[in-house]
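A short write-up of the structure that comes next.
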Amino acid sequence: MSEFPVVPTLGFAVRNIFCIGRNYSEHAKELNNPVPAQPVVFLKPTSSISYSGEEILIPTQVGRVDHELELVLAIGRNSRNVTREAALSCIAGYGLGIDVTARELQEKAKAKALPWTLAKGLDTFAFLGEFFPAEKCPDPSRLTFQLTVNGIPKQSGRASEMIFDIPALIVFLSSVFTLNAGDLVFTGTPAGVGPLESGDCLEGVLGREGEAPLVGLVANVRKV
Ligand code: MG
């Protein structure tokens, strides 16, 4: 039994959880944030992992909590100072995740220039869907993903619309950190984030543009 949580469908033990903020210009605009000159990076603890089919738990005292559906990279080998040409070879798989965010806590942290950890790292706030092996999609810029809440479309993203594309993220992260096999990278959310209510059912899909989805995600929301 691994000491780390295992990502379903890759059999992958998770180590670090890197997250990218403001990687889609329409989302940066909807929260009145500037488009960044280099990737905005933060971390989630592995204790915040929860899996498709389980619940997103919202503590009542934290105020508004939003969904942020994101494409997630599963790193497949230890990597440092990776070139753009070699970047995709570091990725073992692609999957879906929800970067669950306590928005009011995040706004307070931003106003005081404090870290976002309390807003981003609560239990169940790194919500993971299914993953598929990277070989199935040699050109990940073709990936698209969608989220419905209670059957209503809320978010739709295209990897091709990222401000920093997938190779650029690997180049940047591996220039600062050693990436390890088992690390995950949440790549940022497209526009359409919104608040969650107890009883909401979230369904996400990920696949190549114009084709049937390859993997999915289901989350039920409960206030605790
Ligand atoms: Mg996010």
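Odds and ends about this structure:
- Taking a point 7 Å from the Cα of ALA181 along the Cα-to-Cβ direction, none of the residues of the stretch 133-172 has its backbone N closer than 11 Å to it.
- Per-peptide average of other Cβ atoms within 10 Å, ordering 208-218, 30-40 highest first: 208-218, 30-40
- In the stretch 45-140 the Cα-Cα distances spread across 10 Å bins starting at 0 as 15, 36, 29, 18, 2 percent of all pairs.
- Here the calculated FRET efficiency for ASN32 and GLN61, from their Cβ-Cβ distance with R0 = 25 Å, stands at 0.50, rounded to the nearest 0.05.
- Value of [θ]222 nm, deg cm²/dmol, for the chain, DSSP H segments ≥ 4, -39500 (n - 2.57) each, nearest 500: -3500 deg cm²/dmol
- Just so you know, the averaged projected area of the alpha carbon convex hull for the stretch 160-224 sits at 6.9 nm².
- Distance between the stretch 106-159 and the stretch 10-45 - C-alpha centres, whole angstrom: 8
- Subset of LYS44/LYS223; LYS110/LYS223; LYS108/LYS136; LYS120/LYS154 violating a 32 Å alpha-carbon distance limit: LYS108/LYS136
- Taking a Cβ cut-off of under 13 Å around ALA181, the surrounding Lys, Arg, Asp and Glu residues balance to a net charge of +2, with basic ones at +1 and acidic ones at -1.
- Within the stretch 58-134, the GluC sites (Glu not before Pro) that combine a DSSP coil assignment with at most 15 other C-beta atoms in a 10 angstrom radius are GLU85.
- The order of LYS112, LYS154, going from fewest to most other C-beta atoms within 10 Å of their C-beta, is LYS112, LYS154.
- Here the extension length gained between ALA168 and ASP123 equals 13.2 nm, from 0.36 nm per residue of separation less the Cα-Cα distance.
- Cut-off 15 Å between beta-carbons: net charge of the residues surrounding GLU135, Lys and Arg +1, Asp and Glu -1: +3
- Per-selection Rg to Rh, the stretch 17-223 - Cα, Kirkwood hydrodynamic radius: 0.94
- Cα extents of the stretch 1-52 along the three principal axes, largest first (Å): 44, 20, 17
FYI, it's all coordinate maths here, none of it is from the lab. This structure is a prediction, so every number in the text was calculated from the model and none was measured. Neighbour counts are summed over all protein chains in view; Cβ atoms, including those assigned to glycine, are modelled from backbone coordinates with ideal geometry.
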